[in-house]
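Novice: The structure's right below; bear with me while I get my questions together.
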Amino acid sequence: MATTTAEAETRQRLLRNVKKEVKQIMEEAVTRKFVHEDSSHIVSFCAAVEACVLHGLKRRAAGFLRSNKIAALFTKVGKSFPPAEELCRKAQELELVFESKRSQSLSYSESTRKMPKVPNFSPQAVRHVWIHTALIEKVLDKIVLYLVENSSKFYEKEAILMDPVDGPILASLLVGPCALEYTKMKTADHFWTDPSADELVQRHRIHSGHCRQDSPTKRPALCIQKRHSSSSMDERPSPSPSARDYVESLHQNSRATLLFGKNNVLVQPRDDMEAIPGYLSLHQTADCMTLKWTPNQLMNGSVGDLDYEKSVYWDYAVTIRLEEIVYLHCHQQVDCGGTVVLVSQDGIQRPPLRFPRGGHLLQFLSCLENGLLPHGQLDPPLWSQRGKGKILPKLKNRCPQGSSDSVSDKEEEEATDYVFRIIFPNSQSEFVAPELIDQGANMWHPTPRKSSCSSCSQSSFSDGAPPNGCNHERAPLKMLCDNMKNQIISRAFYGWLAYCRHLSTVRTHLSGLVNHSIVEPEVPSDAYGGLTTEVWQKFLQDCSTYEEKELLRLVYFGGVEPSLRKEVWPLLLGHYQFGMSETERKEVDEQMRACYEQTMSEWLGCEAIVRQREKEQHAVALAKCSSGASIDSTTQRIMHHDSTISNESSQSCSSGRQRDSRLQSDSSSSTQQELLDLYTLNLHRIDKDVQRCDRNYWYFTPANLEKLRNIMCSYIWQHLEIGYVQGMCDLLAPLLVILDDEAMAFSCFTELMKRMNHNFPHGGAMDTHFANMRSLIQILDAELFELMHQNGDYTHFYFCYRWFLLDFKRELVYDDVFAVWEVIWAAKCVSSSHFVLFIALALVEIYRDIILENNMDFTDIIKFFNEMAEHHNIKQIVTLARDLVCKVQTLIENK
């Protein structure tokens with residue numbers, strides 16, 4: 001008996017694996033519009049099908065001396081089944097090609113050259129080449145069906161294909177995949193978009209860490225948070241197919257010219273770290289010039305692949321586009337070869353680059369200046385000296401007027417600090433703060449040089465003008481600077497005006513989504529510890545010890561200790577009121593228990609009628625089929641029996657309710673008939689959903705599933721005008737797991753549904769949620785909103801439907817559901833009654849870089865979040881959701 005059970009479990013496990021892989025392939029075909037024949041899902045599918053085909057295979061059918069059992073089996077089938085015969089020919093040709101590639105290292109043999117060109121299978125696909133070829137040729141379902149119909153020839157009695165139920169099911173599962181068209185084309189993003197959601201997340205962590213760099217060409221989102229300090233490493237290498245490819249891109253290649261390269265350039269990644277050496281390189285492409293700094297540890301090719309991809313030093317690598325840089329602050333020190341600090345358009349300083357000794361700083365500036373030409377230049381430019389080439393300009397600090405005579409010879413020596421400005425004279429998009437221009441102009445002043453214009457060089461000294469060069473050359477430069485200042489001031493004003501108008505729009509759209517008062521986690525005490533046993537016991541002993549807002553603040557920032565949830569949740573949901581004594585709470589429990597028992601007795605009486613009707617109608621149907629006799633008299637007996645049962649059940653229940661009086665009316669009453677039909681419909685829906693509700697979770701034994709059904713039937717009996725909607729069982733299940741009491745769970749579920757009912761189709765809250773999500777994304781992350789709008793315009797946010805309907809219950813594991821729900825309930829009084837919006841926004845923002853990098857459309861993002869279900873880092877998401885609430889509150893208050 002035990003052996004039979006184990007064999008049945010094995011068959012079911014094999015069948016489940018095939019079902020899962022078929023589902024993955026069909027989803028990929030729908031969402032991605034194509035399925036690549038070398039897809040990871042195809043490989044997994046072939047492995048699952050091969051395991052089923054080989055299960056219980058007779059040794060004689062597999063061939064005594066054949067190592068490839070699938071090949072032996074299909075060859076035998078091919079002798080009597082023509083589709084398998086053609087498959088064998090093609091699969092054998094492929095095997096010859098693969099064998100030839102393995103054995104010959106120099107060139108193909110003459111016979112191999114004559115072979116038709118085949119796809120470049122991955123090593124995993126080569127292992128299942130027979131199943132894979134059968135799938136591509138659309139004969140796999142036919143061959144498996146042939147094996148099922150002739151299973152006694154090839155299989156033992158315990159094989160899955162010998163089973164009269166599982167065998168045909170397996171064959172029918174293969175029809176869908178065999179009907180698809182598979183592509184051989186390798187698109188540019190195939191290897192990046194094909195993997196599952198989990199693999200996308202892992203690749204993103206390897207290649208780009210947790211950083212994010214907003215595009216300078218986009219309008220920045222409204223963000224009041226302070227930018228990182230100058231030592232923050234907020235610019236990292238952009239994602240690439242592999243980390244080694246990034247290191248190889250640091251050298252000269254066909255796409256970029258290497259202008260400058262120097263190792264052992266020191267950078268201090270963080271304030272709490274020592275400076276580490278790395279390779280500094282300057283690259284020029286057709287579009288832009290890029291400066292990269294890579295730690296020496298990543299330049300070492302001897303590191304293992306796994307350690308190399310996950311190295312922490314990837315977080316320290318820097319990539320900077322020179323078009324974003326406005327100033328270069330150069331400092332020459334005695335103890336080193338010089339330091340360069342890059343200042344971007346927004347005034348943020350990049351980490352200092354400390355060059356080794358030997359003139360490398362000057363060489364870097366020279367290469368940079370050459371790379372900027374002809375569209376840009378350094379201001380002031382480097383000087384040229386015969387015999388030495390490029391040198392630093394001879395500059396001195398600007399002195400007060402009239403004090404030049406008192407300057408000592410020492411002060412006239414060449415300066416050690418410089419400020420160079422990168423300018424693009426023909427560009428109209430340059431944006432430089434006026435104070436930075438003034439600061440840069442005041443930090444250097446050129447020493448006298450002889451003018452190249454003879455007409456001005458003689459008159460300039462006689463007129464008392466400063467001998468700084470040609471007035472004809474200086475006048476256009478002064479006019480250019482004045483025009484730039486005017487443009488900058490004008491842009492700043494109109495930018496400020498647009499910002500104020502935008503902020504007014506923010507207040508209008510978002511003011512109702514958050515509470516206007518910001519609650520701090522540290523005031524009056526640290527709330528990140530949550531609601532502990534000590535705090536809860538003090539509250540039970542004296543309700544005045546903690547106010548309601550303080551308890552909710554603790555829950556909002558730190559959650560509830562798991563052992564206390566059974567006591568705290570009724571208070572959070574409204575079953576109890578804050579300030580109730582122990583006696584009052586017991587009275588509430590007794591009243592609710594009496595109400596629950598009364599409700600159960602009512603719907604159980606109705607259910608008895610429904611079951612009896614169904615039983616007799618089934619008997620009538622059988623009798624009609626067997627005899628074809630008239631059933632008028634039988635129908636009359638059924639109606640009379642309904643009336644008798646109705647009256648008997650009604651006498652055992654309270655007669656004070658209107659619905660009960662309906663059941664006591666005559667059987668011919670149309671009201672009773674409508675009521676019975678309506679409850680019958682809801683009863684069937686409940687039975688179907690209860691049996692499917694979280695069957696794999698340890699709590700839901702048959703006895704507890706019966707409790708779940710009782711509670712749901714009781715709630716629907718009281719709300720027949722709403723009726724049962726799929727998903728309600730998902731909302732009730734976590735409450736029953738925590739409370740483990742029917743009456744208490746019924747009361748808490750009733751309180752929860754006061755809010756959640758509006759999310760179901762009979763309510764109108766879902767459209768409001770979508771509109772609010774649209775406003776939040778558009779204001780807080782304009783770049784992501786633009787992507788959503790461009791890629792099929794999925795700013796309707798329908799992919800969030802299940803999130804809002806079930807409060808993220810199907811997106812998280814049970815322990816995370818408990819943590820999220822209690823924060824949502826507490827947030828109503830602490831920060832926002834729409835906290836679910838900010839959790840949804842946090843879910844999107846956590847993966848925003850992956851969405852942007854893969855240019856996801858609507859079907860892509862649905863597939864991604866479906867695969868990521870129950871794999872989210874809930875602590876990170878809830879923390880981000882609280883930060884987003886605080887950001888909106890700050891925007892509204894304009895702090």
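Novice: Mind checking which residues of the stretch 831-841 are at pLDDT below 95 and either open to solvent by less than 30 Å² (accessible area, probe 1.4 Å) or on the phi > 0 side of the Ramachandran plot (or both)?
Specialist: Those that are at pLDDT below 95 and either open to solvent by less than 30 Å² (accessible area, probe 1.4 Å) or on the phi > 0 side of the Ramachandran plot (or both): Ser831, Ser832.
Novice: OK, next. Write out, first by first residue and then by second, each pair whose Cβ atoms fall under 6 Å of each other, whose residues are 6+ apart or on separate chains, and whose first residue, in the stretch 1-25, is over 30 Å from Lys863 (Cα atoms) while the second is at pLDDT 80 or above and open to solvent by less than 80 Å² (accessible area, probe 1.4 Å).
Specialist: Glu7/Glu158
Novice: Sticking with this structure for a sec: If I ask for residues that are touching a residue at least 60 places away in the same chain (Cβ under 8 Å), within 14 Å of Lys58 (Cα to Cα) and among the small types (Gly, Ala, Ser), which ones from the stretch 134-156 would you list?
Specialist: none
Novice: Restricting to the stretch 525-551, count the residues that are in contact with a helix residue (DSSP H, G or I) (Cβ under 8 Å, 6 or more places away or on another chain), without any contact (Cβ under 8 Å) to a residue 40 or more places away in the chain and exposed (fewer than 14 other Cβ atoms within 10 Å of the Cβ).
Specialist: Result for the stretch 525-551: 3.
Novice: Gln778: open to solvent by 40 Å² or more (accessible area, probe 1.4 Å), closer than 30 Å to Val690 by Cβ and in contact with a Ser or Thr (Cβ under 9 Å, 6 or more places away or on another chain), yes or no?
Specialist: no
Novice: Among the listed residues Ile824, Ile779, identify the single one that is touching an Asp or Glu at 6+ places or on another chain (Cβ under 9 Å) and among the β-branched types (Val, Ile, Thr).
Specialist: Criteria check complete, one pass: Ile824.
Novice: Hey, another quick one. Suppose we keep only residues that are in contact with a His (Cβ under 8 Å, 6 or more places away or on another chain) and not hydrophobic (A, V, I, L, M, F, W, C) within the stretch 781-825. Which one would you say is surrounded by the fewest Cβ atoms within 10 Å (Cβ to Cβ)?
Specialist: Among residues in the stretch 781-825 that are in contact with a His (Cβ under 8 Å, 6 or more places away or on another chain) and not hydrophobic (A, V, I, L, M, F, W, C), the one surrounded by the fewest Cβ atoms within 10 Å (Cβ to Cβ) is Thr795.
Novice: Please enumerate the residues belonging to the stretch 317-342 that are at pLDDT 85 or above and either hydroxyl-bearing (Ser, Thr, Tyr) or surrounded by fewer than 15 Cβ atoms within 10 Å (Cβ to Cβ) (or both).
Specialist: Scanning the stretch 317-342 gives Thr319, Tyr327, Thr339.
Novice: Out of Leu362, Leu368, I need the residue that is in contact (Cβ under 8 Å) with a residue 12 or more places away in the chain, farther than 22 Å from Ala256 by Cα and assigned to a helix (DSSP H, G or I). Which one?
Specialist: Leu362
Novice: Then there's this: Could you grab me the full set of residues in the stretch 57-82 that are open to solvent by 20 Å² or more (accessible area, probe 1.4 Å), within 46 Å of the chain's Cα centre (by Cα) and either of a type in the set (Lys, Arg) or modelled with pLDDT of 85 or more (or both)?
Specialist: Leu57, Lys69
Novice: Moving to a separate point now. Which of the residues spanning the stretch 499-555 are under 17 Å from Gln577 (Cα atoms) and touching a Leu at 6+ places or on another chain (Cβ under 7 Å)?
Specialist: Trp536, Phe539, Leu551, Val555
Novice: Mind listing whichever residues of the stretch 844-889 are in a helix (DSSP H, G or I), more than 28 Å from Ser504 (Cα to Cα) and polar (S, T, N, Q)?
Specialist: Thr859, Asn866, Gln876
Novice: On the given criteria, is Ile824 without any contact (Cβ under 8 Å) to a residue 60 or more places away in the chain and part of a helix (DSSP H, G or I)?
Specialist: Yes; evaluated as a whole, the condition is true for this residue.
Novice: May I pose another question? Please count how many residues of the stretch 312-359 are on the phi < 0 side of the Ramachandran plot and in a loop (DSSP other than H, G, I, E, B).
Specialist: Counting residues in the stretch 312-359 that are on the phi < 0 side of the Ramachandran plot and in a loop (DSSP other than H, G, I, E, B) gives 17.
Novice: Could you tell me whether Thr768 is at pLDDT below 90, closer than 19 Å to Ala840 by Cβ, surrounded by fewer than 21 Cβ atoms within 10 Å (Cβ to Cβ) and hydroxyl-bearing (Ser, Thr, Tyr)?
Specialist: Criteria not met by Thr768.
Novice: Now for a separate question. Within the group His640, His719, His684, which residue is open to solvent by 50 Å² or more (accessible area, probe 1.4 Å) and modelled with pLDDT of 85 or more?
Specialist: Answer to the check: His684.
Novice: Pull up the stretch 343-374, narrow it to residues that are over 38 Å from the mean Cα position of the chain (by Cα) and aliphatic (A, V, I, L, M), then point me to the one that is most open to solvent (accessible area, probe 1.4 Å).
Specialist: Leu373
Novice: Could I ask something else about it? Can you find a residue that is open to solvent by less than 10 Å² (accessible area, probe 1.4 Å) and in a loop (DSSP other than H, G, I, E, B) anywhere in the stretch 740-753?
Specialist: Checked the stretch 740-753: no residue is open to solvent by less than 10 Å² (accessible area, probe 1.4 Å) and in a loop (DSSP other than H, G, I, E, B).
Novice: Looking at Ser714, Ser661, which is the one that is part of a helix (DSSP H, G or I) and either open to solvent by less than 40 Å² (accessible area, probe 1.4 Å) or at pLDDT 90 or above (or both)?
Specialist: None of the others qualify; the one that does is Ser714.
Novice: On to the next question. When the residues of the stretch 850-890 are narrowed to those that are among the hydroxyl-bearing types (Ser, Thr, Tyr) and at pLDDT below 90, which ends up surrounded by the most Cβ atoms within 10 Å (Cβ to Cβ)?
Specialist: Within the stretch 850-890, the match that is surrounded by the most Cβ atoms within 10 Å (Cβ to Cβ) is Thr859.
Novice: Show the residue pairs meeting these rules: Cβ distance below 6 Å; 6+ apart or different chains; first residue within the stretch 574-591 and exposed (fewer than 12 other Cβ atoms within 10 Å of the Cβ); second residue modelled with pLDDT under 90.
Specialist: Listed pairs, sorted by first residue: Gly579/Cys543.
Residues are listed down the side, and each one gets a yes or a no for (1) closer than 17 Å to His762 by Cβ; (2) open to solvent by 30 Å² or more (accessible area, probe 1.4 Å); (3) assigned to a helix (DSSP H, G or I):
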| position | (1), (2), (3) |
| --- | --- |
| Asp677 | no, yes, yes |
| Gln691 | no, yes, yes |
| Arg695 | no, yes, no |
| Asn704 | no, no, yes |
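Novice: Residues of the stretch 615-634 being among the charged types (D, E, K, R) and either modelled with pLDDT of 80 or more or surrounded by 12 or more Cβ atoms within 10 Å (Cβ to Cβ) (or both), which ones?
Specialist: Lys615, Glu616, Lys624
The values are calculated or read from the model by the stated rules, or taken from the named source; none is laboratory data. Quick caveat, the model's predicted, so the values are computed rather than measured. Note that we place each Cβ from the backbone using ideal geometry, even for glycine, and neighbour counts take in every protein chain shown. Only protein heavy atoms, including side chains, enter the accessible area calculation; ligands, DNA and RNA are left aside. Shrake-Rupley method; radii C 1.70, N 1.55, O 1.52, S 1.80 Å.
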